[in-house]
Structure formats: C-alpha cells, structure tokens
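Have a look at the structure below, then the notes.
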Amino acid sequence: MKRAAIYVRVSTLDQNPETQLHELRQFAVQRALQIVGEYTDHGFSGTRARRPGLDRLMADAQHRRFDVVMVWAFDRMARSVRHFLEVLDELNHLNIEFVSFRESVDTSGPLGRAMVIIVGAIAELERNLIVERVKAGMRRARLEGRQIGRSRLDVNWAEIVSDRRSGMSLTQVAKKHGVSRASVCRLMKVNSVPSADVSTAVLSAPQFQ
C-alpha cells in the first residue's frame, strides 16, 4: 500500500480546511492509499512560495516519508505556474506522485504530467485576467469621479490638532471626534509646525480615513 500525504490550504482564517481534508481522506480510501501525514496552511495566500505547512511537506518529502502527495486542487499548492512546476519537479525527482482531487489528475504517467502543466497555465491566466479586470474597473471608477474605498470622515481636523495640543490624550481626542488614535497621530505628524500655522497645515494635510 502506497503512503500518502495530504496538503490543504485556505486563504483566510475564517475558512475551514476540514472540507478539503474530508474529501481527500475519502479519496485516499478509494485509491487504497495509507495517509501518513496531513499538512495545513491556514490563512496563507497561494502566491506565497514559503508557507509553514508546505515547507514541512517538502522537508518530509526529502526524507521519503510518503509516496504520493494529494491536494484538493492545483491552486491549493501554488498560484503561479513557475512555483507549481518547481514543486512538481522536486517531487518527480524524489519519485513522489502528485494527485489533484478536483482536476482528477496525477503525475504517475506522462499524460498526467502534461495535463498538470496545461491546467496550471490556464489557472494562472484566469487569475491574471481577473486581476486586470479589477484594475480596469478601478480606473474607470476614478475617471467617472466615483469614490474608491471608504468615504472620507466628516470631521474638523483643525479642532483635532487644537485639542491634542491643548493637552488632551490621544484616546480622549480620538473618542471626542470619532476617529482612530492612529489617525490623530498621523495628523499631528503632518501638522508638526508652530501653533500659529495650524490652520494652514491642516488645509494642506491629506484626508485620513
């Protein structure tokens, strides 16, 4: 019976990797694979090449602790074709098979490896197109004069500077005007000028959010 390692990844902390794990465990049973290790990266983007779970997986691969690596989908392992192929090349060099549940592809044969490369390239192209569409939408919004991000706070910045210089604490000023302590700090740095010039400095200060 071949030994299998499961690798799962979720991008945000509020996502649960148990869904991927459950399906991969059942898949391993169907293929008569013995699961000897499970590696999880919780709250890590696939664009990051270095991840704790993936690093442990590759370190154990070097010690030949399993014969097959199973993932729920290609993009769980990596988002770029280059990094994806680097991982596959290393696993192939170690004679370790790679199996993807969603794409129903493994690298046990030449056809499987060709499919991995093709699907990985398509996945990266799709991601790049999504990023470009988002950027295009933001450019269009700016040209039309629409607000991007949070609305500017309707507060009296000159009064905030005056209150802070009068001796009020950061917390007191922040609570009084309904802004964050960090906003007060940034505003005071911008307005680090003599008191007589406060009005001029506030007018030239950026709008904080």
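Annotations for the structure displayed:
- Cβ-Cβ contacts under 8 Å between residues 6 or more apart (or on different chains), taken from a first residue in the range 106-119 that is closer than 14 Å to Asp89 by Cα to a second residue that is of a type in the set (Val, Ile, Thr) and at pLDDT below 70, are listed as Thr107/Val116.
- Qualifying residue in the range 77-97 (condition: at pLDDT 90 or above and within 25 Å of Arg127 (Cα to Cα)): no
- Test for Arg146: is it at pLDDT below 85, touching a helix residue (DSSP H, G or I) at 6+ places or on another chain (Cβ under 9 Å) and not assigned by TED's automatic domain parsing to the domain that holds Gly46: yes
The values are calculated or read from the model by the stated rules, or taken from the named source; none is laboratory data. Here the structure is a predicted model, which means the values were calculated and not measured. Methodologically, a virtual Cβ is constructed for each residue, glycine included, from the backbone with ideal geometry; neighbour enumeration extends over all protein chains shown.
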